Every structure is written in structure tokens, then in C-alpha cells.
Amino acid sequence: MSSLDKTAVTAVPVLKAIAERWSPRAYDATHKISDAEVTALLEAARWAPSANNIQPWRFTVIKREDALYGDLVQLGLSGWNQAWAPNASAVIIVSAVVSDADGKENSFAHFDAGLATQNLLLQAHELGLAAHVLGGIVHPWLHETLGLDDNTKTLVGITVGKRAEPETLEGGLHDREVAPRTRLSLDEITIKAQA
């Protein structure tokens with residue numbers, strides 16, 4: 001595991017998993033994720049809250065040793081994700097059922113899938129794994145390849161695996177890996193209620 005520490009500096013103490021969790025790109029290419037670890041990640045996601053308990057999230061786990069993994073990296077990921085994601089132990093594609101069989105939109109589906117994703121990220125940290133959410137995915141390719149129906153939309157990918165040292169990355173990827181974690185201040189994200 002990488003020795004890089006990026007524990008968040010917070011105004012008051014928060015849950016350890018929240019303070020310590022971050023999104024690396026350097027992964028140990030020799031690590032294989034176990035079925036038990038995958039099950040734990042999905043169980044954590046499954047128990048997220050959702051509007052009316054609809055549970056619109058769907059997850060597709062593609063391990064590095066799976067035949068689809070090479071195509072996923074080359075055709076299903078975009079940009080420089082293709083440069084570092086191959087070393088992850090797995091990529092999990094997060095999708096959401098955005099409308100019911102009658103076409104009625106579930107306006108909470110994206111939010112609820114985000115809650116489930118956060119549960120998965122925190123569970124990964126608890127297991128000693130690293131996870132990184134990927135916005136750079138090729139939605140049409142994934143939708144067709146995964147055989148999703150018209151009511152289900154791909155949202156993001158999540159790389160999962162064991163962290164490696166930042167030196168396994170080059171150039172801008174390395175610079176991002178070692179950069180300090182930053183967030184907007186509490187004042188910048190808090191909207192004051194008007195009297």
C-alpha cells in the first residue's frame with residue numbers, strides 16, 4: 001500500500017473513514033480483488049437509503065482478469081483514465097433505473113445512486129482498498145455492451161484495488177496523485193437561510 005497520507009484537515013473531527021478516504025490513481029497491478037471483498041462493497045451499496053425505498057442503483061463488476069476488462073479500458077473509458085485504470089483490480093459501473101416500465105421518471109434516481117456509491121467507497125476504505133470514481137466513461141458503448149434497457153442509464157465507473165506508490169505514475173498523473181486534498185470552505189458551501 002502507498003505510504004502517501006492525505007487525511008483531511010477538518011474544522012471538527014469527522015468519521016475516520018471520511019477523513020482518510022481519497023481517490024488515488026496509482027494501483028498495484030498484481031492485486032486481485034476477492035469475491036468476498038466485492039460482495040462487501042455491493043452489500044454496503046445495497047443498504048443505502050433511497051426515495052420510497054425504490055433502490056434504483058445497479059452495479060456491474062468487471063475484474064481485471066475478466067475477458068471484458070481490456071475492452072472496457074480501451075472502449076468504455078475515456079481520456080487519461082485509459083492510462084492508469086488498467087492497473088486497478090476491478091472497475092464497477094454504476095447505473096440507475098431512471099424511469100419505471102410506464103416511462104414515469106424517477107427524479108431521485110441519480111441522487112440515490114450517489115448515496116449507494118458513497119457507501120461503496122467508504123466500505124472499500126474500510127477493507128483497505130482504494131476506490132476512484134470515473135466520470136470519463138463512454139456511455140453508449142457501456143449501455144450496449146452491458147445490455148441495459150432504455151430505462152437504465154450508466155452514470156459513472158469506480159476503479160477499485162490496492163494503492164501503489166505515486167512513483168508508478170508519470171507527468172500530470174503523478175502530480176495529481178501527490179497534490180494536497182482541497183475542498184471549498186464551510187462558508188463557501190453553506191447557504192444562509194433568509195429571514
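For residues that are in contact (Cβ under 8 Å) with a residue 24 or more places away in the chain and not in a helix (DSSP H, G or I), scanning just the range 105-118, find the one that is most open to solvent (accessible area, probe 1.4 Å).
Here the answer is F108.
Select from the range 175-195 the residues that are in contact (Cβ under 8 Å) with a residue 12 or more places away in the chain and part of a helix (DSSP H, G or I) and write down the one among them that is surrounded by the fewest Cβ atoms within 10 Å (Cβ to Cβ).
This residue is L186.
Would you please name the residue that is farthest from L127 (Cα to Cα), looking only at residues in the range 39-65 that are of a type in the set (V, I, T), open to solvent by 20 Å² or more (accessible area, probe 1.4 Å) and not in a loop (DSSP other than H, G, I, E, B)?
Residue satisfying both the conditions and the ranking: T60.
This table checks each residue for (1) open to solvent by less than 10 Å² (accessible area, probe 1.4 Å); (2) closer than 22 Å to Q55 by Cα; (3) touching a residue at least 24 places away in the same chain (Cβ under 8 Å).
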position: A101; (1), (2), (3): no, yes, yes
position: L120; (1), (2), (3): yes, yes, yes
position: W141; (1), (2), (3): no, no, yes
position: G157; (1), (2), (3): yes, yes, yes
position: R163; (1), (2), (3): no, no, yes
position: E170; (1), (2), (3): no, no, no
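Can you tell me which of L75, L68 is touching a Phe, Trp or Tyr at 6+ places or on another chain (Cβ under 6 Å), surrounded by fewer than 16 Cβ atoms within 10 Å (Cβ to Cβ) and within 22 Å of P140 (Cβ to Cβ)?
Details: L68 fails: touching a Phe, Trp or Tyr at 6+ places or on another chain (Cβ under 6 Å).
Testing whether each residue is touching a Phe, Trp or Tyr at 6+ places or on another chain (Cβ under 6 Å), surrounded by fewer than 16 Cβ atoms within 10 Å (Cβ to Cβ) and within 22 Å of P140 (Cβ to Cβ) leaves just L75.
The values are calculated or read from the model by the stated rules, or taken from the named source; none is laboratory data. Note that this is a predicted model, so its numbers are computed, not measured. Virtual Cβ from ideal backbone geometry, glycine too; neighbours counted across all protein chains shown. Accessible surface areas use protein heavy atoms only, side chains included; no ligands, DNA or RNA. Shrake-Rupley method; radii C 1.70, N 1.55, O 1.52, S 1.80 Å.
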